[in-house]
Amino acid sequence: MTVYRDAAHCIARIMSIETNTCTAQSAWQRLYRSGYDEVIPEGCGLTAEERLTQDAMTRSRVKTMLPESQWHAIVAKYSINTGEVEASIIWLASHLRELPAHHLFRLKAIAAWAVPRGYPQEFYQINTWDTDGTSERTLYRWRSQVNGELGRLVNDAHKSVQAVIEYKELAI
């Protein structure tokens, strides 16, 4: 049975599981089009409730099969649950110690990567991420390294999720 088109589709569904509902929609909600129609893969044959259950089971499976760093990277980047995003940002800042930057810088750089424009504008000023007087050139190099590592983790997570859904025969 195919449920997901690819890893990106799977990640999008399992990270937005709180928005998926099985309740009946009002008439105006059925008329609204967001610009993106959910395309259910052929042969899926699941009801909305069954898809929600499948998404929850897939989320659990993906969480247990991915390395923690990959899991937290995709949660920080794609989850719609603010508390979950914040917890993953904190986890990543504490566990990505191979990066040369100090903890405060890693924390703010990861938060800026995960939430591109969700904090006050002042938060994104890189010179506020360091209290030690580190040169601006070094700060930009550190940010580049943090973003590179996070990007690598997300790319690896996509590959891992694809392998999971193919192994479980949930992909097209």
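Readers should treat all values here as calculations from the given coordinates under stated rules, not as data from a laboratory. Since the model is a prediction, treat every value here as computed from it, not as a measurement. No Cβ is skipped: glycine too gets one built from the backbone with ideal geometry, and neighbour counts run over all protein chains shown.
Placing +1 on the Cβ of every Lys and Arg and -1 on the Cβ of every Asp and Glu, with no other charges, gives the chain a dipole of roughly 240 debye about its Cα centre. Loop-only check: which trypsin sites (Lys or Arg not before Pro) in the stretch 80-172 are DSSP coil with at most 12 other Cβ within 10 angstrom? The qualifying sites are Arg97, Arg117. When Thr53, Thr131 are arranged by Cβ crowding within 10 Å, least crowded first, meaning fewest neighbours, the order is Thr131, Thr53. Put +1 on the Cβ of every Lys and Arg and -1 on every Asp and Glu Cβ in the chain; which of Leu153, Phe105, Thr138 then has its Cα farthest towards the positive end of the dipole? The residue sitting farthest along the positive end of the dipole is Thr138. Expressed as a fraction of 2.2 N^0.38 Å, the value expected for a compact globular protein of N residues, the C-alpha radius of gyration of the chain is 1.21.
Hydrodynamic radius of the stretch 93-172 by the Kirkwood approach over all distinct alpha-carbon pairs: 14.2 Å. Exposure proxy for Phe123, Phe105: other Cβ atoms within 10 Å of each Cβ, ordered fewest to most, give Phe123, Phe105. Residues Glu84, Glu98 in ascending order of nearby Cβ atoms (within 10 Å, fewest first): Glu98, Glu84. For Glu84 and Arg137, a Förster radius of 30 Å and the Cβ-Cβ distance give a FRET efficiency of 0.30, rounded to the nearest 0.05.
Stretched out straight at 0.36 nm per residue, the stretch from Glu18 to Glu98 would grow longer than its current Cα-Cα span by 25.4 nm. Comparing Gln121, Gln162, Gln145 in a Gaussian network model of the chain (Cα springs below 10 Å), the most mobile by mean-square fluctuation is Gln121.
Given the options Ala76, Ala157, Ala112, which has the most mean-square fluctuation in a GNM of the chain, springs set between C-alpha atoms less than 10 angstrom apart? The residue with the greatest mean-square fluctuation here is Ala112.
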